[in-house]
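Colleague: This is the structure, below, for whatever I ask next.
The values are calculated or read from the model by the stated rules, or taken from the named source; none is laboratory data. Since we're looking at a predicted model, the values are computed, not measured. Virtual Cβ from ideal backbone geometry, glycine too; neighbours counted across all protein chains shown.
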Amino acid sequence: MACRDCTYFEVWKGEGYCNYWRKNTPGDDTCQKDTSGGGGCYITTALCGILGMEDHCPVMETLRGFREGTLRGDPRYAPILAEYDTVGPRISARLWADPERETVALRLREDAILPICGLIQAGCASEAVAMYKGMVVGLRDRYGL
């Protein structure tokens, strides 16, 4: 599907803009073309895009704070962040295209994302990372990545 046909596309100040990927894009570009790296957070896709949660809700802010405050500050977590940057957009695109995306997104929220947030809030960083890794393995398996 061309970007101009997507509900996330709009023209702003004379240029095409994708509200999903949060970047300028020509109307004839496609989302599949942009899934090889860069933007596209599958957690945002699941919680905000599919389930309708606010982008700056407490869950999203907890996850972002953990990423910026804990993961980015510790070299042990660099491989996790690098993997997220490469596999995240591909998972996001496949999740969005999944006919069972609502069920998958609900399961992600209840079985992984909310428990991960609980671990983060309890100060259990290594347990949160382990649960996150399990979530990624499950998504990679589901989408053949």
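Colleague: How many residues, within segment 83-138, are small (Gly, Ala, Ser), more than 15 Å from CYS41 (Cα to Cα) and touching a Gly at 6+ places or on another chain (Cβ under 9 Å)?
Modeller: From segment 83-138, those small (Gly, Ala, Ser) are 88, 92-93, 97, 105, 112, 118, 122-123, 125-126, 128, 130, 134, 138; that's our starting set.
Pick out the ones that are also more than 15 Å from CYS41 (Cα to Cα) and you get 112, 118, 122-123, 125-126, 128, 130, 134, 138.
If we keep only those that are touching a Gly at 6+ places or on another chain (Cβ under 9 Å) as well, we get 112, 128.
Number of matching residues: 2.
One line per residue, one yes/no per condition, for (1) under 21 Å from CYS48 (Cα atoms); (2) touching a residue at least 60 places away in the same chain (Cβ under 8 Å); (3) in the same structural domain as VAL59 (by TED's automatic domain parsing); (4) aliphatic (A, V, I, L, M):
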position	(1), (2), (3), (4)
ASP74	no, no, yes, no
PRO79	no, no, yes, no
TYR84	yes, no, yes, no
ARG94	yes, no, yes, no
LEU106	yes, no, yes, yes
ARG109	yes, yes, yes, no
ILE113	yes, yes, yes, yes
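Colleague: Please tell me if VAL137 is loosely packed, with under 13 Cβ neighbours inside 10 Å, out of contact with any His (no Cβ under 8 Å at 6 or more places or on another chain), among the β-branched types (Val, Ile, Thr) and over 25 Å from CYS18 (Cα atoms).
Modeller: Details: loosely packed, with under 13 Cβ neighbours inside 10 Å: yes; out of contact with any His (no Cβ under 8 Å at 6 or more places or on another chain): yes; among the β-branched types (Val, Ile, Thr): yes; over 25 Å from CYS18 (Cα atoms): yes.
Yes, satisfied.
Colleague: From the list ARG109, ARG142, which one is more than 14 Å from the chain's Cα centre (by Cα), at pLDDT 90 or above and at negative phi?
Modeller: On the way: ARG109 fails: more than 14 Å from the chain's Cα centre (by Cα).
The unique qualifying residue is ARG142.
Colleague: Still on this structure: Those residues that are among the polar types (S, T, N, Q) and more than 22 Å from GLU127 (Cβ to Cβ), I need them from segment 47-97; list them, please.
Modeller: Step one: list which residues in segment 47-97 are among the polar types (S, T, N, Q), which gives 62, 70, 86, 92.
If the condition is that a residue be among the polar types (S, T, N, Q) and more than 22 Å from GLU127 (Cβ to Cβ), then THR86, SER92 are the ones that fit.
Colleague: Among (1) within 20 Å of GLY134 (Cα to Cα); (2) at pLDDT 85 or above; (3) of a type in the set (D, E, K, R), where does GLU68 come up short?
Modeller: Here GLU68 meets the rest and fails (1).
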